Amino acid sequence: MSKVYLSYNNIVSSYGFDTASAIQNISNEVPGLQLIDDKNVLPNPFYSSRIPQDKLEGKYQELHPKEKHTRLEKMLLVSLAETIKQSGLKINQRVGLIISTTKGNIDVLENGSDFPEERAYLASLGEKIKSFFGFQNDAIVLSNACVSGVLAVTVAKRFINQNTFDHVFVIGGDLVTEFILSGFNAFQALSNEPCRPYCKTRTGINIGEVAASVLVTRDSTKLVDESVVILGEASCNDANHISGPSRTGEGLHRSVESALKQAKVNPEDIDYISAHGTATNFNDEMEAIAFNRSGLQNTPLNSLKGYFGHTLGASGLLETIIGMHSLNQNTLFASLGFQELGVSAPLHIIETTTRKEISTFLKTASGFGGCNTAAIFQKVSE
Amino acid sequence: MKNDYHIQSYCHIRNNDISLNGNSLYKDDADSFSEFIKAVYKHLKIDYSKFFKMDSLSKLAFIAADTLLVEETEKNIGLVLSNKAASLDTDRKHQESIKDYPSPAVFVYTLPNICLGEISIKHQLYSENSFFVFDSFNAEALHTYANSLLDEEKSEKVLCGWVNFDDGKYDAFLYVVAKKGTFVHSIAEINRLY
């Protein structure tokens, strides 16, 4: 099987409309989260990162759309347009489209939506993105809770290895909606402060909003400076509980072991872990246990939720793209919000942004339904 | 690519009828899905109290999977399910509840992959999980992804299929892909059995 790479990429976030603006702000440890008072979404003020509506509209209009699109579609179109343009790829039969989302256009269920309920069907979202860019294959929509974003990258690799495609554009996005916030609020999982993953004084999650896109390709002539090769990946269920993570970190531990085995690397070969770190008590504790079982307690680790909040179906993809840039810049980004370790097993949390030669990173995610995904990426050697 | 896999068994649940390998196991003329699926649960003598807490999509997927896995000894079974409506049936209930009191017990089912979790818990499967959404039954994608999991030795067997629940209407077709079995694992055969 040929190598499969991650290449051209884009992040649309509260920081701006390209990956560079996100990386620049993370380098300077600038939080993207702010206190938002929007009673249409939640009765109480909440911390979130949201894409500025007026600027999004401007970027979207530059694409000269010929029909009306929802807010999420605009985010995804703006992100993917940039990635396709940079790549210079011609869309043909050998180019696939994978969309990662947990809830898609769920806001059309709200009273007073400008769009019919039909748009809440994820295949309808897929069709809008497909037709806008003239993809010849139907979109493959992956909706697998909070692991969707990183799982989508591994699904792209698997389809390429099965010779279905040579290139796959993977995009991820979810909205900050009343639907989502009321649900996490019902779980009493929302923090009323900026989130602090793995910290002793953590108080829960923030939900944020991004759209991210990346080209996954087997073509070694279509690479960028920050390109990485996917060495191994796995997705294992906890088989324990649908809303609570396993107390033994079973599924995450197994995912990491399986990814290491496929990658043919040892735990000590991992230079950096881009973890899930939602800042809920149970999630962060579970991850600490799983990483210790895999012998990764001394590996520098961060959660990027302190910058963006939890961006749901986009998060795994967003954080993978930032990991690519972290390797390329030989920089370990600080795990924003962290003060003092608050999990029962040791972890090496990156407290300040540090320069270090790094070549291999592990990305993990975990979510409702007991799902977990681990993927290992490495710099492209000449 | 090895690609010489087989379909070991398959199950349908549609039109008030549950069948295994084309043979009806139970049918009735219940007026609603909830009555029908409860009758199936009793008929199959499944003793699993968590079943009653599940949403309709999970009940549908759970019963179809249980029918195929009840005598299965292999535990490394990847789960690759798909549908059209994702979790929209429960999404509508959660959206409706927001103005009153949203319930965590409903909200957790507003993700289609929760049914994969339910199957994993019952059968103690620490295996690969993916939930895809398509406009209609997509044998090509399921075929490719199952081959990938088997070729790359991520799974020994794969439970694949379609499980859709939307506004009271339901349709489930699940099948187990293995190294041995009665039917060839091909797109044409998957479509024929569907």
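Only one entry of B:Asp151, B:Asp100, B:Asp89 meets the criterion of being among the acidic types (Asp, Glu) and in contact with a Ser or Thr (Cβ under 9 Å, 6 or more places away or on another chain), and that entry is B:Asp89.
Residue under question is B:Lys99, and the condition is that it be modelled with pLDDT under 95 and more than 15 Å from the chain's Cα centre (by Cα); does it hold?
Numbers: modelled with pLDDT under 95: yes; more than 15 Å from the chain's Cα centre (by Cα): yes.
Yes: the conditions hold for B:Lys99.
Could you tell me whether B:Lys122 is at the interface with chain A (Cβ under 8 Å from one of its Cβ atoms), within 22 Å of A:Leu252 (Cα to Cα) and modelled with pLDDT of 95 or more? So B:Lys122 fails the test.
Just checking, does region A:34-56 include any residue being outside any loop (DSSP other than H, G, I, E, B), without any contact (Cβ under 8 Å) to a residue 24 or more places away in the chain and at positive phi? I'd like the intermediate steps shown before the answer.
Taking region A:34-56 and keeping what is outside any loop (DSSP other than H, G, I, E, B), we get A:34-36, A:46-48, A:53-56.
From what's left, without any contact (Cβ under 8 Å) to a residue 24 or more places away in the chain: A:34-36, A:53-54.
Okay, now just the ones that are also at positive phi, so none.
No - not one qualifying residue is present in region A:34-56.
Take the residues in region B:68-94 that are more than 8 Å from chain A (Cβ to nearest Cβ), part of a loop (DSSP other than H, G, I, E, B) and charged (D, E, K, R); name whichever of them is surrounded by the most Cβ atoms within 10 Å (Cβ to Cβ). If we take residues in region B:68-94 being more than 8 Å from chain A (Cβ to nearest Cβ), part of a loop (DSSP other than H, G, I, E, B) and charged (D, E, K, R), then B:Glu72 is surrounded by the most Cβ atoms within 10 Å (Cβ to Cβ).
Which one of B:Ile119, B:Ile37, B:Ile114 is within 25 Å of A:Phe179 (Cβ to Cβ) and of a type in the set (Val, Ile, Thr)? Quick ask: steps written out before the conclusion?
Numbers: B:Ile119 fails: within 25 Å of A:Phe179 (Cβ to Cβ); B:Ile37 fails: within 25 Å of A:Phe179 (Cβ to Cβ).
Answer to the selection: B:Ile114.
Restricted to region A:236-265, and to residues there that are surrounded by fewer than 23 Cβ atoms within 10 Å (Cβ to Cβ) and aliphatic (A, V, I, L, M), the residue that is nearest to B:Val80 (Cα to Cα) is A:Ala239. Answer yes or no: is there a residue in region A:284-300 that is under 23 Å from A:Ser13 (Cα atoms) and out of contact with any Phe, Trp or Tyr (no Cβ under 7 Å at 6 or more places or on another chain). Checked region A:284-300: no residue is under 23 Å from A:Ser13 (Cα atoms) and out of contact with any Phe, Trp or Tyr (no Cβ under 7 Å at 6 or more places or on another chain). When B:Lys154 is tested against the conditions (1) buried (at least 20 other Cβ atoms within 10 Å of the Cβ); (2) more than 8 Å from chain A (Cβ to nearest Cβ); (3) within 14 Å of B:Val177 (Cα to Cα), the lone failure is (2).
Go through region A:246-261 and give me each residue that's more than 16 Å from B:Lys122 (Cα to Cα) and either assigned to a loop (DSSP other than H, G, I, E, B) or not basic (Lys, Arg) (or both). Steps first, answer last, please.
Taking region A:246-261 first, the residues more than 16 Å from B:Lys122 (Cα to Cα) are A:247-249, A:252-261.
Result: A:Arg247, A:Thr248, A:Gly249, A:Leu252, A:His253, A:Ser255, A:Val256, A:Glu257, A:Ser258, A:Ala259, A:Leu260.
Just to be sure, is A:Thr102 crowded, with 21+ Cβ neighbours inside 10 Å, more than 25 Å from A:Asp225 (Cα to Cα) and either within 22 Å of the chain's Cα centre (by Cα) or not hydrophobic (A, V, I, L, M, F, W, C) (or both)? For A:Thr102, the condition - crowded, with 21+ Cβ neighbours inside 10 Å, more than 25 Å from A:Asp225 (Cα to Cα) and either within 22 Å of the chain's Cα centre (by Cα) or not hydrophobic (A, V, I, L, M, F, W, C) (or both) - is met.
Just one of the numbered conditions (1) in contact with a Phe, Trp or Tyr (Cβ under 6 Å, 6 or more places away or on another chain); (2) over 14 Å from A:Cys371 (Cα atoms); (3) within 7 Å of another protein chain (Cβ to nearest Cβ) is not true of B:Asn113: (2). Residues that are within 14 Å of chain B (Cβ to nearest Cβ), among the acidic types (Asp, Glu) and more than 30 Å from B:Ser127 (Cβ to Cβ) do not occur anywhere in region A:214-221. Within region A:266-285, if we keep just the residues that are assigned to a helix (DSSP H, G or I) and out of contact with any helix residue (DSSP H, G or I) (no Cβ under 7 Å at 6 or more places or on another chain), the residue that is surrounded by the fewest Cβ atoms within 10 Å (Cβ to Cβ) turns out to be A:Glu268.
The values are calculated or read from the model by the stated rules, or taken from the named source; none is laboratory data. Note that the structure is a prediction, hence the values are computed from the model and not measured. In this analysis, Cβ positions are derived from the backbone assuming ideal geometry, glycine residues included, and neighbour counts consider all displayed protein chains.
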